[in-house]
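**Student:** For reference, the structure I am asking about is given below.
The values are calculated or read from the model by the stated rules, or taken from the named source; none is laboratory data. Small disclaimer: the values here were computed from a predicted structure and weren't measured. Every residue, glycine as well, gets a Cβ built from its backbone with ideal geometry; the counts of neighbours run over all protein chains shown. Keep in mind that these areas ignore ligands, DNA and RNA; they rest on the heavy atoms of the full protein, side chains included. Shrake-Rupley method; radii C 1.70, N 1.55, O 1.52, S 1.80 Å.
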Amino acid sequence: MRRTAAGRVPLRRSLLGRLLAVSALVAACSVAATAWIAVQTTSGAIKQEQGQNLTADARIYDTLLEYAARNPTWDGVDATVRKLARESGRRVALTTQNRQPIADSAAAASAPALPPQASAVVDPLSVDTVLAARGTDGRGAAADRIDPRAVGPFRLSAADGSALRRKADDQVACLNRAGIASDVVVGPSGRPRVQVVGNDPERAQGTRCDLAGLDTPTRSERKALDALTELADACLKRQGREGVRLNNDLSWGDPVPVAVPVPATPRPEPVPAAPGEAAPSVTGPERTGENDRAIASCVGTARSEQLSSYVASPALLFIGDEGGATLPGFDLSPANSARIAGAAALVLALTVGASVFAGARLVRPLHALTGAAQRMRDGEEPTSVPVSGDDEVGRLAAAFNDMSAHRARLEEQRKAMVSDVAHELRTPLSNIRGWLEAAQDGLAEPDPAFVSSLLEEAVLLQHIIDDLQDLAEADAGALRLHPEPVEARELLGQVAAAHQARAEGAGVTLVVEAAGPGPELCADPVRLRQAVGNLVSNAVRHTPRGGRVTLRASASEGGGGAVLIEVADTGSGIPARDLPHVFDRFWRAEKSRSRRTGGSGLGLAIVRKLVEAHGGTVEAASTEGEGSTFVLRLPATPPDGTP
């Protein structure tokens, strides 16, 4: 990690910086959410209060919207405005978007000035969906926000309407004879349609009535649809896309090639509405794909362009009380905006301050840990760091102190081991070198005794190397075992036979105590004989002449499938202060002992490693002046005899 000259992590990448950033982000989001909720709640309350009047006057908006949808200009709207004012007892005023008067129910001489904000915008090509829903009993506008009463060129002539009405009446009569109640509904364009009572059209499909007779567009509808298709194709062509073929319900089918070909896109689902009928949809069901969105946008633009000459231009609507004053719209004042901003800044400052304080307390012990770890890396003496408490950081500091102390102990053991290895190897090598130099100088004859002495020293040297290799393999987990069923009493007999000559030479009695065939266990017989042999060799070495070394094997009294192997002697024993260290490497109770008399101190360490490799444990008990007992606890052979 890149660090600054002072050895600290840059603020933008440090824990403190990240904590500060997260806290500031959370605070900012909280403040923003609170402010938004407050504004929305306040606005909602005011709008609700205004909406009580606006709901009562919503039909004013709907009536004027219908007028704009059916007339190309606002000419003659004065009578409608005055009628609405008389019926509602409100002031109704219409202006252009440039606030030029169109109609006003208040007298021009006594009417007060209009407020800055209008109550609504009357535009049949961009309907306010909320006001439309209130004013039309939930009928609302289409998905493209075009008023369904704005039909323009799709309006049927009187002759076409009468002809279609006769067909609709015939279909209704046919359905009624079939027992299906139905009725004729006439849309804003004058086109009739048959509506089945109960909204069960599938029943009508099963009759012999000609229900498709009303689906064929008239000549005027086809002409208007072709003009709409041309406008949509022109829009698509400007975008480098293919044209479309609009159906009578304003859905589109297979694309019609134009000058600029583009990759084909999936066809959209038809839109279930007829042009000029209630709520015709140009976007249809939910669409996916960039091409579909582009087609829907162009069709909507084309409809607005086609209808623009058939509807009145947008006008501002002002609704007020009888005195002439209009209802003002809600606007957040600068003072309230300043209060919200001040509260947000205060909360943000408190959050950042608390985050800095908490972050500094959190980062300080981490800096101490980092410094101590870097000093350990640089080879300095390990130092402990202060433990601030029992929290996560305090436990981390305590774990670091334990690790530092353990590392110091391991380093001391490593240095002591290197020194001991050098000392143990120096003695046989010095003897070999001395004898060879003496032979070179003619001071010693290379007779059989000379060769035997050198061979003995080489064997000692090889023994040390073999012990070190066994320990290295055990430490690395590379000690290979070949387990098989082994009878403990038989194995102890083999070990006793191998050390019998040495025991007799030392005047020590070596016996195996077993009432019958000993328990079986699953172990590597070679490695297990090595471990028990090391214990026997060590016991014979520390038992005075006339003493006794006893080998025993038994099953664990507590069960659990364990086999106990004991090596007990009547030697000098081990002092209590030295007992915890008997399995340490190169440890010897008498530091002055040489390799020839006291061993290298690796035998018991190898015993522990071999036993642990078998999944067992080794324990030592001793009474000074009476003797010692070493107990190996090993897993027994499974009941089926498999290792």
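**Student:** Are there any pairs with C-beta distances below 8 angstrom linking a residue in region 222-251 that is free of Cβ contacts under 8 Å to residues at least 24 places away in the same chain to a residue that is in a helix (DSSP H, G or I) and open to solvent by 40 Å² or more (accessible area, probe 1.4 Å), with the two at least 6 apart or on different chains, and if so which?
**Tutor:** Pairs found: GLY243/LYS237.
**Student:** Cβ contacts < 7 Å: first residue within 16 Å of ALA458 (Cβ to Cβ), restricted to region 433-446; second residue not in a helix (DSSP H, G or I), any location; separation 6+ or different chain. Result?
**Tutor:** Note: pairs meeting the criteria are TRP435/ALA444; ALA439/PRO446.
**Student:** I would also like to ask the following. Evaluate the following for SER384: is it over 30 Å from ALA553 (Cβ atoms), modelled with pLDDT of 75 or more and open to solvent by 90 Å² or more (accessible area, probe 1.4 Å)?
**Tutor:** Yes, satisfied.
**Student:** Filter region 625-643 for residues that are of a type outside the set (Gly, Ala, Ser) and at pLDDT 85 or above; which is most open to solvent (accessible area, probe 1.4 Å)?
**Tutor:** So the residue we want is GLU626.
**Student:** Could you check region 70-122 and list, in sequence order, the residues that are open to solvent by 90 Å² or more (accessible area, probe 1.4 Å) and within 27 Å of GLY190 (Cβ to Cβ)?
**Tutor:** ARG70, ASP75, LYS83
**Student:** On to the next question. Yes or no: region 341-359 includes at least one residue that is at pLDDT below 75, over 30 Å from ILE37 (Cα atoms), part of a helix (DSSP H, G or I) and not aliphatic (A, V, I, L, M).
**Tutor:** Checked against the condition, which is being at pLDDT below 75, over 30 Å from ILE37 (Cα atoms), part of a helix (DSSP H, G or I) and not aliphatic (A, V, I, L, M), region 341-359 yields at least one hit.
**Student:** While we're on this one: Confirm whether VAL185 is under 30 Å from ASP62 (Cα atoms), without any contact (Cβ under 8 Å) to a residue 40 or more places away in the chain and surrounded by 13 or more Cβ atoms within 10 Å (Cβ to Cβ).
**Tutor:** Considered against the rule, which asks whether it is under 30 Å from ASP62 (Cα atoms), without any contact (Cβ under 8 Å) to a residue 40 or more places away in the chain and surrounded by 13 or more Cβ atoms within 10 Å (Cβ to Cβ), VAL185 comes out as yes.
**Student:** Determine whether ILE319 is part of a strand (DSSP E or B) and at pLDDT 55 or above. Break it down stepwise before answering.
**Tutor:** Working: part of a strand (DSSP E or B): yes; at pLDDT 55 or above: yes.
Here the answer is yes, as ILE319 does meet what is asked.
**Student:** Please go through region 543-556 and give me each residue that is out of contact with any Leu (no Cβ under 7 Å at 6 or more places or on another chain) and crowded, with 22+ Cβ neighbours inside 10 Å, ordered by number.
**Tutor:** THR543
**Student:** Sticking with this structure for a sec: Here is a list: ARG585, ARG596. Which entry is modelled with pLDDT under 85, under 26 Å from VAL459 (Cα atoms), assigned to a loop (DSSP other than H, G, I, E, B) and open to solvent by 50 Å² or more (accessible area, probe 1.4 Å)?
**Tutor:** None of the other options fit; the residue is ARG585.
**Student:** Being over 60 Å from the mean Cα position of the chain (by Cα) and either part of a strand (DSSP E or B) or surrounded by fewer than 22 Cβ atoms within 10 Å (Cβ to Cβ) (or both) is the filter here, so list the residues in region 515-537 that pass it.
**Tutor:** Initially, region 515-537 is screened for residues over 60 Å from the mean Cα position of the chain (by Cα), giving 515-517, 536-537.
Answer for region 515-537, where residues must be over 60 Å from the mean Cα position of the chain (by Cα) and either part of a strand (DSSP E or B) or surrounded by fewer than 22 Cβ atoms within 10 Å (Cβ to Cβ) (or both): ALA515, GLY516, PRO517, SER537.
**Student:** Can you tell me which residue within region 365-409, out of those that are of a type in the set (Lys, Arg) and without any contact (Cβ under 8 Å) to a residue 12 or more places away in the chain, is nearest to LEU19 (Cα to Cα)?
**Tutor:** Just the residues of region 365-409 that are of a type in the set (Lys, Arg), to begin with: 375, 377, 395, 407, 409.
In the following step, the residues that additionally are without any contact (Cβ under 8 Å) to a residue 12 or more places away in the chain were identified as 375, 377, 395, 409.
Numbers: ARG375: 27, ARG377: 28, ARG395: 21, ARG409: 37 Å.
That would be ARG395.
**Student:** Look at PRO192 and say whether it is open to solvent by less than 20 Å² (accessible area, probe 1.4 Å), of a type outside the set (A, V, I, L, M) and modelled with pLDDT of 85 or more.
**Tutor:** It is true that PRO192 is open to solvent by less than 20 Å² (accessible area, probe 1.4 Å), of a type outside the set (A, V, I, L, M) and modelled with pLDDT of 85 or more.
**Student:** Give just the number: which of (1) open to solvent by 50 Å² or more (accessible area, probe 1.4 Å); (2) hydrophobic (A, V, I, L, M, F, W, C); (3) assigned to a helix (DSSP H, G or I) does VAL512 not satisfy?
**Tutor:** Just one mismatch for VAL512, condition (3).
**Student:** What single numbered condition from (1) within 60 Å of the chain's Cα centre (by Cα); (2) modelled with pLDDT of 85 or more; (3) of a type outside the set (Val, Ile, Thr); (4) under 18 Å from VAL631 (Cα atoms) fails to hold for GLY493?
**Tutor:** With respect to (1) within 60 Å of the chain's Cα centre (by Cα); (2) modelled with pLDDT of 85 or more; (3) of a type outside the set (Val, Ile, Thr); (4) under 18 Å from VAL631 (Cα atoms), GLY493 is out only on (1).
**Student:** Scan region 557-574 for residues that are over 59 Å from the mean Cα position of the chain (by Cα), open to solvent by 50 Å² or more (accessible area, probe 1.4 Å) and at pLDDT below 90 and jot them down.
**Tutor:** Matches in region 557-574: SER572 only.
**Student:** If you take the residues of region 211-227 that are modelled with pLDDT of 85 or more and open to solvent by 60 Å² or more (accessible area, probe 1.4 Å), which of them is farthest from SER182 (Cα to Cα)?
**Tutor:** In this case the residue turns out to be ASP226.
**Student:** Checking SER251 against (1) of a type in the set (Ser, Thr, Tyr); (2) at pLDDT 85 or above; (3) within 49 Å of the chain's Cα centre (by Cα): exactly one of these is not met. Which one?
**Tutor:** (2)
**Student:** Assess whether ILE37 counts as being part of a helix (DSSP H, G or I) and modelled with pLDDT of 85 or more. Full working, then the answer.
**Tutor:** On the way: part of a helix (DSSP H, G or I): yes; modelled with pLDDT of 85 or more: no.
No: the conditions fail for ILE37.
**Student:** Give me the pairs: first residue in region 80-92 and under 14 Å from TYR67 (Cβ atoms), second residue outside any helix (DSSP H, G or I), beta-carbon distance under 7 Å, and six or more apart or on different chains, which are they?
**Tutor:** Between residues of region 80-92 that are under 14 Å from TYR67 (Cβ atoms) and residues that are outside any helix (DSSP H, G or I), the close pairs are VAL81/VAL92; VAL81/LEU94; VAL81/ALA103; VAL81/SER105; ARG82/SER105; LEU84/VAL92; VAL92/SER105; VAL92/ILE319.
**Student:** Filter region 152-182 down to the residues that are more than 18 Å from ARG219 (Cβ to Cβ), outside any loop (DSSP other than H, G, I, E, B) and open to solvent by less than 50 Å² (accessible area, probe 1.4 Å) and list them by number. Steps first, answer last, please.
**Tutor:** The initial filter retains those residues of region 152-182 that are more than 18 Å from ARG219 (Cβ to Cβ), namely 168-182.
Those still in the list that are outside any loop (DSSP other than H, G, I, E, B) too: 168-177, 182.
ALA168, GLN171, VAL172, ALA173, CYS174, LEU175, SER182 - these are the residues of region 152-182 that are more than 18 Å from ARG219 (Cβ to Cβ), outside any loop (DSSP other than H, G, I, E, B) and open to solvent by less than 50 Å² (accessible area, probe 1.4 Å).
**Student:** Hey, another quick one. Look through region 425-450, keep the residues that are modelled with pLDDT under 75 and out of contact with any helix residue (DSSP H, G or I) (no Cβ under 6 Å at 6 or more places or on another chain), and return whichever of them is least open to solvent (accessible area, probe 1.4 Å).
**Tutor:** LEU425
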